[in-house]
């Protein structure tokens with residue numbers, strides 16, 4: 001599997017971390033995301049699982065998780081980093097229709113803009129929620145203050 | 001007022017309000033209808049609308065998105081009515097007490113008359129809670 | 001010992017908030033042309049709360065994400081942390097996790113059968129399914145001390161053991177439940193009214209499943225063979241014999257069949273696991289002192305599909321990030337593919353076919369596309385669904401045999 005990934009994504013992969021035989025993390029540049037996702041989802045036929053967003057101290061990190069069910073239950077996660085000054089990235093809704101909801105959620109809870117998303121509006125929080133309060137950011141306390 | 005409360009004791013129409021719960025309490029409430037507990041033989045029936053309800057069974061922390069709805073349901077229920085907070089979440093917020101979606105445990109939003117703690121409270125506990133309250137009414 | 005009396009419930013029962021609506025369907029006459037889902041009424045900020053609790057406390061927190069699949073989240077979470085730290089749990093713990101996970105699948109599928117029966121107008125099925133579900137809840141109480149929210153899991157193993165003297169009682173109850181589900185499955189497969197009602201409705205193709213990443217019985221009913229217990233095996237699922245159930249058509253009938261047949265496989269797994277631990281002694285939990293820095297992914301095949309947990313640690317005693325994805329998150333969006341073009345009377349059962357976490361199905365409203373006015377509430381939709389079943393009964397001229405088989 002690692003060899004296949006290296007071959008298909010040769011110039012996109014910046015770093016590979018093999019946690020164990022079933023968990024692989026590939027670091028890529030955010031501008032290569034669409035191409036990498038397309039190769040893994042369409043060409044290699046992986047199953048889209050979900051996207052995780054994390055607030056690190058000096059950047060935001062997005063992990064796109066894909067599962068290769070029949071090839072040993074391997075999960076390949078694409079890691080991209082986004083700078084805090086301008087948090088935005090291209091939306092993948094054209095490629096994976098099912099990704100629409102999680103992109104809305106990440107926009108709402110972490111404040112990352114998804115360019116090209118057809119319907120970026122509040123999903124989980126109230127319509128009149130404070131626009132500058134992103135609950136999942138590290139500066140925000142658990143109770144929202 | 002007393003006359004109405006006495007009338008309440010005959011047959012209770014119950015309306016269930018769920019506002020941000022994990023559904024376990026809701027399922028235990030539905031369980032009351034099933035053959036094992038079968039509260040319908042006591043005349044306790046689930047109402048389709050708060051306008052027919054005598055008792056409001058409320059579960060869940062009150063989510064910020066749900067606050068207006070809970071208040072509206074309470075306004076629509078004809079008084080006197082009994083508000084029962086079922087489960088740890090409705091009583092005090094439970095394990096979600098510190099979250100950012102918490103609009104306060106139920107008694108900050110509407111007046112509560114009966115608290116039935118538990119996570120979830122067993123159907124027997126829910127019945128016991130309601131029966132205890134009815135005895136207090138005497 | 002079975003209660004021969006048939007209890008016919010009186011009165012409506014939609015014991016959920018009237019509004020706000022979760023599903024908004026836009027229709028043109030009787031056909032659905034668009035649908036939207038509004039969420040957030042159950043959002044409790046659990047991922048953020050996770051960051052303020054230490055590793056063992058999070059297990060209790062995630063149990064309360066959903067009451068029906070209460071143990072699925074702890075299993076997936078413990079798998080994630082065990083993946084992160086490279087912990088291998090003792091063998092006895094693996095079998096006990098099997099047993100708890102599969103008992104939960106049984107109770108959840110029976111709950112679903114009851115609700116589906118209610119939406120179709122078979123209220124006896126609702127009462128019957130939930131009555132036999134009580135037997136499973138009693139088993140839970142015997143093993144864990146509670147009917148729901150069992151608090152059985154711990155990072156490194158399980159918290160309580162199963163005593164040898166309880167095993168014969170558990171097996172006897174399983175045998176009874178197996179008999180009842182057998183009866184129900186035969187009744188459902190033979191019934192001409194159910195076939196006319198459910199076949200060809202709410203079809204999801206393999207392409208739909210891929211585009212939305214749908215999982216669980218929803219995917220397996222469309223012929224997509226995915227099951228985390230086989231593909232990325234954990235706990236004791238690779239220590240016992242069982243098979244994955246798939247069917248080909250992807251309609252609501254197939255989804256019901258997949259769920260019913262899965263119950264038998266679950267019973268097989270539980271019996272084999274009980275036999276494996278009977279008469280033996282062993283460790284049930286490995287001591288875990290520290291969680292190292294890193295990240296881990298764990299998953300579990302919950303009754304509704306794959307539950308996914310991602311944790312990241314920085315070596316301290318709390319998670320830095322905990323991402324939780326329930327299967328309904330990827331299954332519910334499939335309504336875009338399965339509801340559009342269908343009639344309003346079928347909408348209820350199509351949405352129920354996906355088995356969203358119970359609270360979600362109840363909040364549906366139908367709007368007219370031009371007037372943007374609310375036309376039907378959820379009670380109306382259930383009534384329409386029941387009316388359609390009655391019409392089909394008249395058309396086919398057959399009485400549904402379901403009643404007779406269950407009595």
Margin query: So if I restrict to the alpha-carbon atoms in the protein assembly as shown, what is the Rg, and what is Dmax, the biggest pairwise distance, in Å?
Written below: 24.6, 82
Item checked: For region A:81-129 and region A:5-22, distance of Cα centres in Å -> 26
Note to self: Is the C-alpha gyration tensor of region C:173-326 telling us rounded, prolate or oblate? Criteria: a/c under 1.5 is rounded; beyond that, a/b larger than b/c is prolate, otherwise oblate.
What the structure shows: oblate
Checklist line | residue C:88-residue C:243 FRET efficiency (beta carbon distance; Förster radius 30 Å; 0.05 resolution) | finding: 0.70
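What order do you get for C:142, B:102, A:44 when you list them from fewest to most C-beta neighbours inside 10 Å? Walk me through the numbers before you get to the answer.
Details: C:142 14, B:102 24, A:44 17.
Final ranking by Cβ density, sparse to dense: C:142, A:44, B:102.
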Margin query: Per-residue Cβ counts within 10 Å, from other chains only, averaged over A:112-123: what number is that?
Written below: 1
Checklist line | Alpha-carbon centroid distance for the pair region C:249-279 / region B:17-72, whole angstrom | finding: 32
Margin query: Report for region B:2-137 the percent antiparallel among DSSP-assigned beta bridges with both residues inside it, nearest 5.
Written below: 5
Check: Roughly what percent of Cα-Cα pairs across chain A reach past 22 Å?
Finding: 41
Notebook entry, point to check: Under a point spin-label approximation (7 Å from Cα along Cα-to-Cβ), what is the residue C:123-residue C:54 distance to one decimal in nm?
Noted result: 5.3
Next item on the list: Only Cα pairs under 8 Å and at least 6 apart count here; give the relative contact order of region A:2-86 as a rounded whole percent.
Entry: 28
Item checked: Taking the C-alpha atoms of region B:2-137, convex hull volume expressed per residue in Å³ -> 94
Next item on the list: Evaluate the relative contact order of region C:46-328 (contact order divided by residue number), counting alpha-carbon pairs under 8 angstrom at least 6 apart; express in whole percent.
Entry: 30
Next item on the list: Counting helices only, and only those DSSP H runs with n ≥ 4, report the 222 nm mean residue ellipticity of the protein assembly as shown as the sum of -39,500 (n - 2.57) divided by its residues, in deg cm²/dmol to the nearest 500.
Entry: -11500 deg cm²/dmol
Margin query: Between residue C:28 and residue C:206, what's the calculated FRET efficiency when r is the beta-carbon distance and R0 is 41 Å? Round to 0.05.
Written below: 0.90
Item checked: Over chain C, volume per residue of the alpha carbon convex hull, in Å³ -> 136
Checklist line | region A:2-86: C-alpha gyration tensor shape, a/c 1.5 cut-off, then a/b vs b/c | finding: prolate
Check: Gain in length, residue A:18 to residue A:130, computed as 0.36 nm per residue apart minus the alpha-carbon separation, to one decimal in nm?
Finding: 36.3 nm
Item checked: Computed E for residue C:166/residue A:119 - FRET, C-beta separation, R0 56 angstrom, nearest 0.05 -> 0.60
Next item on the list: Any chance you could check the Cα centroid distance between region C:137-200 and region C:380-397 for me, in angstrom?
Entry: 31
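All of the numbers you see were taken from the coordinates with simple rules; none came from a lab. Treat the numbers as computed from the prediction; the structure is a model and nothing was measured. Cβ atoms come from the backbone with ideal geometry, glycine included; neighbour counts cover every protein chain shown.
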